[in-house]
1. So B:ILE137 ticks every box in (1) surrounded by fewer than 21 Cβ atoms within 10 Å (Cβ to Cβ); (2) more than 15 Å from the chain's Cα centre (by Cα); (3) of a type in the set (A, V, I, L, M, F, W, C) but one. Which box is left unticked?
2. Spot the failing condition for A:ARG59; the list is (1) surrounded by 13 or more Cβ atoms within 10 Å (Cβ to Cβ); (2) more than 17 Å from the chain's Cα centre (by Cα); (3) assigned to a loop (DSSP other than H, G, I, E, B), and only one is missed.
3. Can you tell me which residues in region B:183-208 are assigned to a loop (DSSP other than H, G, I, E, B), more than 8 Å from chain A (Cβ to nearest Cβ) and not basic (Lys, Arg)?
4. Filter region B:68-88 for residues that are open to solvent by 60 Å² or more (accessible area, probe 1.4 Å) and among the β-branched types (Val, Ile, Thr); which is modelled with the highest pLDDT?
5. Just the residues that are in a strand (DSSP E or B) and open to solvent by less than 30 Å² (accessible area, probe 1.4 Å), please, taken from region B:89-128.
6. Inside region A:162-176, can you point out the residues that are closer than 20 Å to A:ILE137 by Cβ, more than 7 Å from every other protein chain (Cβ to nearest Cβ) and in contact (Cβ under 8 Å) with a residue 24 or more places away in the chain?
7. Which one is nearest to the other protein chains (Cβ to nearest Cβ), of the residues in region B:142-159 that are over 15 Å from the mean Cα position of the chain (by Cα) and without any contact (Cβ under 8 Å) to a residue 40 or more places away in the chain?
8. Going by what's in this entry, would A:GLN72 be described as away from chain B (no Cβ under 12 Å), out of contact with any strand residue (DSSP E or B) (no Cβ under 7 Å at 6 or more places or on another chain) and outside any loop (DSSP other than H, G, I, E, B)?
2 protein chains.
Amino acid sequence: MVVNKKCVSRLSRYRKALLRFKNLGFVKVFSDTLGDATGVTPAQVRKDFSLFGMVGKKRGGYEIDALLEKMQVILGKDQIHKVIVVGVGNIGRALIQYKPFEKDGISIAAGFDIDPVKINPKAQVPIYPMQDLKSYIRKKKIEIAILAVSEIAAQEACDLLVDAGITGILNFAPIRLQPLGDVEINTVNLQMELENLIYFTKILKHRK
Amino acid sequence: MVVNKKCVSRLSRYRKALLRFKNLGFVKVFSDTLGDATGVTPAQVRKDFSLFGMVGKKRGGYEIDALLEKMQVILGKDQIHKVIVVGVGNIGRALIQYKPFEKDGISIAAGFDIDPVKINPKAQVPIYPMQDLKSYIRKKKIEIAILAVSEIAAQEACDLLVDAGITGILNFAPIRLQPLGDVEINTVNLQMELENLIYFTKILKHRK
């Protein structure tokens, strides 16, 4: 199987879109629809799927569950995925204590912060100082980090994470991170989400 | 100006996409690109924008800043948008204390919870019992709510909010809400975001 970085990124986007379609109640999907939702040409969608032996029907499209199952195999079942949280402020602390992660096999292994007051290596989820970040990631072979530091500190923290070998970052800082190396970054911009809702509400009134 | 609900929803999506393009460093955008990113035909994009007197150049496209500015007028400058938080668990509490919202003119007016232990009407951001939710929303003319209750409680809370007149919900419960009335729902699915990163990392290893 020949898969390059760009293809991986597309597959990740397909998966996200497929989960959304499934949540909306769809059972099947056409390469056109999936292409539209992910910004990929339908031909490219079909090509990518054929790499994994996933073939659609011309008139019926692809079965969403079958596609997701094929993709799930790569994730591994009953496996626990260890994630760290960098920045133990309000959001960081909430994520460390976020119960629903466990159900999905996601375990928060440790938190990291620069503030000495927050350090607590004996807590259920231990909080370590930032200087221990690199050695911890390497020793424990951590691949995914949640970045919940302030906007100002985010880029530097991102550089540290990438340098230590992190390959996926879930970023809560409202900035576009510019990673130095190979890393996938998903940004959850809470302000933008809220602003969009406000915008929607205002424009709805505007028309009345 | 004739604007219907579907158009409003599209404009909200355009705005989100435009902010992303801007963050990526783009200055101009074509109706094709914006259409791709939002699942709308380029012709529809041009039609929607012309309603607001926004015209692009055939070869140059639309100026992103100019589009966003036109859209911002509707949001209103220097205005404070009051938002409530329903569910004062880990995530709810973190959002109530989330400083960056203030910068964007978003103010968390109050929190609501069913747990009597959490009620505190005298806190800086007062926490009220759920039975006060409807009267509070109506009295204070609140339009936007953050829903941070558990998966099981989310649908019932959503129904309450819509009944009280809420028009926009930022939902953190990992389910698809089925609203009874006219409301815009943005869901932030933290598990899905993390799972996607894990998936990305696994598949990246897989190819090596």
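The values are calculated or read from the model by the stated rules, or taken from the named source; none is laboratory data. Bear in mind that the values here come from a model prediction, so they are computed numbers and not experimental data. No Cβ is skipped: glycine too gets one built from the backbone with ideal geometry, and neighbour counts run over all protein chains shown. Remember, those area values only see protein heavy atoms, side chains included, never the ligands or the DNA or RNA. Shrake-Rupley method; radii C 1.70, N 1.55, O 1.52, S 1.80 Å.
1. It fails just one condition, (1).
2. Result: A:ARG59 passes all but (1).
3. Those that are assigned to a loop (DSSP other than H, G, I, E, B), more than 8 Å from chain A (Cβ to nearest Cβ) and not basic (Lys, Arg): B:VAL183, B:ASN189.
4. Looking at the filtered set, the residue picked out is B:ILE80.
5. Answer for region B:89-128, where residues must be in a strand (DSSP E or B) and open to solvent by less than 30 Å² (accessible area, probe 1.4 Å): B:ILE106, B:ILE108, B:ALA109, B:ALA110, B:GLY111, B:PHE112, B:ASP113, B:ILE127.
6. A:ASP163, A:ALA164, A:GLY165, A:ILE166, A:ILE169, A:ASN171, A:PHE172, A:ALA173
7. Here the residue is B:GLU151.
8. Values: away from chain B (no Cβ under 12 Å): no; out of contact with any strand residue (DSSP E or B) (no Cβ under 7 Å at 6 or more places or on another chain): yes; outside any loop (DSSP other than H, G, I, E, B): yes.
No: the conditions fail for A:GLN72.
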